[in-house]
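Have a look at the structure below, then the notes.
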Amino acid sequence: MDANSLQKRMSDIQSNATSDAAFQSALGKLFSGRPGYKPVIETKQVIIRCKTCGKVMEDTQKFCDECGTRVEHPQKN
């Protein structure tokens, strides 16, 4: 199974699951012990700044656009 078909299948499952209120309530009760609980996945946005000039960098950059300093990315756990 390739990545595109896997992503499509996950989207299909998610759209079908989110449209069924009974399924959501049962799943919420299973996770939290309370019916109606809706789990939320939070992602923490990491701001990367140049250690020399302080410019905010994108996570894909390897060098600062302003001063040319190599960007040090935080390690992911």
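Please treat every number below as a calculation from the coordinates, not as lab data. Because the structure is predicted, anything quoted here is derived from the model rather than measured. Cβ placement follows ideal geometry from the backbone for every residue including glycine, while neighbour counts extend to all protein chains displayed.
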* Amide H contacts under 5 Å for residue 48, placed H, 5+ residues apart -> 57
* To do: Treat the count of other C-beta atoms within 10 Å as a stand-in for reagent exposure and order 29, 44 from fewest to most.
  => 44, 29
